Amino acid sequence: MMLKAVVFDLDGVITDTAHLHFLAWRTVAQEIGISIDETFNEELKGISRMDSLQRILRYGGKEGAFNEQQRLALAAKKNALYVRSLASLTQDSLLPGIREVLAGIRAANVKTGLASVSLNAPGILQALGIDHAFDFCADASRIARSKPDPEIFLAACAGLNVSPREAIGIEDAAAGIQAINAAGMLSVGIGPGLDEAGIQLHSTRELTWKCLTDFWASRTVLIRN
Ligand code: B16
Ligand code: MG
């Protein structure tokens, strides 16, 4: 089977906006008497905005303290802070090796997709100057279930018109790796603690086109056996 597509997560794979998400959530959480740290923030990676808020409220023991309207207002406040901080993003904010691997995939005539649950993804791609680098970006606003549900990766494969079995997914979050695996794709994990990934890389520096093709070929051998 030929490799037909590579589907990327955004935050933590293409650029590192996790810290900006954290700073915005920390401010909002502080205002309602909840203190969060970077360790807890790990649990919010790849989790949608409203689900992230739910996790913060649960963490602070305030799950039932706010009605729907108040929760929406808290999420809107966080997003306003986050969007303001995105002004610091430039073309230099691409993680190392990403520009090169995108070019390598394109040169090999393999399709590229995006599976980010961020509603800000289109603006972020534009700020990074890579909005034309993807053949299809799954629309997070049409996704009903957060990662680890495979929905967003399945939507990306459908939009690219490839079977999940012909595609590799790349993620930095445990929930994202579970989503890729559940979609029936091959998974590449960036960073520590992603034991369920088909292959784990220390950083995007190691994410080369050769690394992807070697990984794909090794998997084909495994299937033949
Ligand atoms: P927004 P990804 C995710 O991006 C982030 O990892 C997660 O922390 C964030 O809550 C989520 O996007 C939603 O982002 O509030 O901008 O819609 O990793 O799926 O690219
Ligand atoms: Mg991510």
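Summing charges over all other residues whose Cβ lies under 10 Å from the Cβ of K111, with Lys and Arg as +1 and Asp and Glu as -1, gives 0. Computed from phi, the 3J(HN,Hα) profile of the stretch 25-37 under the Karplus parametrisation 6.51, -1.76, 1.60 (θ = phi - 60°) reads 5, 4, 4, 5, 4, 4, 4, 10, x, 10, 10, 10, 10 Hz, with x in place of Gly and Pro.
Here the sum of -39500 (n - 2.57) over DSSP H runs of 4 or more residues, divided by the residues of the chain, equals -13500 deg cm²/dmol at 222 nm, to the nearest 500. Placing +1 on the Cβ of every Lys and Arg and -1 on the Cβ of every Asp and Glu, with no other charges, gives the stretch 59-134 a dipole of roughly 120 debye about its Cα centre.
Net charge of the neighbourhood of V7, taken over other residues with C-beta under 12 Å away and scored Lys/Arg +1, Asp/Glu -1, is -2. About the centre of its Cα atoms, the stretch 144-225 shows a dipole size close to 220 debye [charges on the beta carbon of Lys, Arg (+1) and Asp, Glu (-1) only; nearest 20 debye].
For the pair the stretch 1-53 / the stretch 88-146, the C-alpha centres are spaced 16 Å from each other. Each of E68 and D51 was given a label point 7 Å from its Cα along the Cα-to-Cβ line. The distance between the two points is 2.0 nm. Cross-link pairs exceeding 25 Å between alpha carbons, from the set K4/K210; K78/K111; K77/K147: K78/K111. Across the stretch 3-10, rounded Karplus estimates of 3J(HN,Hα) from the backbone phi angles (6.51 cos²θ - 1.76 cosθ + 1.60, θ = phi - 60°) give 6, 10, 7, 10, 10, 9, 6, 9 Hz, Gly and Pro being marked x. Under a Gaussian network description of the chain, with springs only between Cα atoms under 10 Å, the residue in F134, F215, F66 that fluctuates furthest is F66. Length gained on full extension, V83 to T27: 18.8 nm, using 0.36 nm per residue less the C-alpha separation. Checking the a/c ratio against 1.5 first, then a/b against b/c, what shape does the Cα gyration tensor give for the stretch 79-143? Judged from the Cα gyration tensor, the stretch 79-143 comes out oblate (a/c at least 1.5, b/c at or above a/b).
Determine the shape class of the stretch 102-217: with a ≥ b ≥ c the square roots of the Cα gyration tensor eigenvalues, call it rounded for a/c under 1.5, and otherwise prolate if a/b is greater than b/c, oblate otherwise. Because its axes are fairly even, with a/c under 1.5, the stretch 102-217 counts as rounded. If you wrap the tightest convex hull around every Cα atom of the stretch 1-160 and split its volume per residue, you get 118 Å³. Modelled spin-label separation between D139 and N109, with each label point placed 7 Å from Cα along the Cα-to-Cβ direction: 3.1 nm.
For the stretch 16-81, the Cβ-based charge dipole about the Cα centre amounts to some 220 debye (Lys, Arg positive; Asp, Glu negative; other atoms uncharged).
None of the figures in this text is laboratory data; all of them are computed from the coordinates on show. None of the values given here were measured: they were computed from a predicted structure. As a convention, Cβ positions derive from the backbone with ideal geometry for all residues, glycine included, and neighbour counts pool all protein chains shown.
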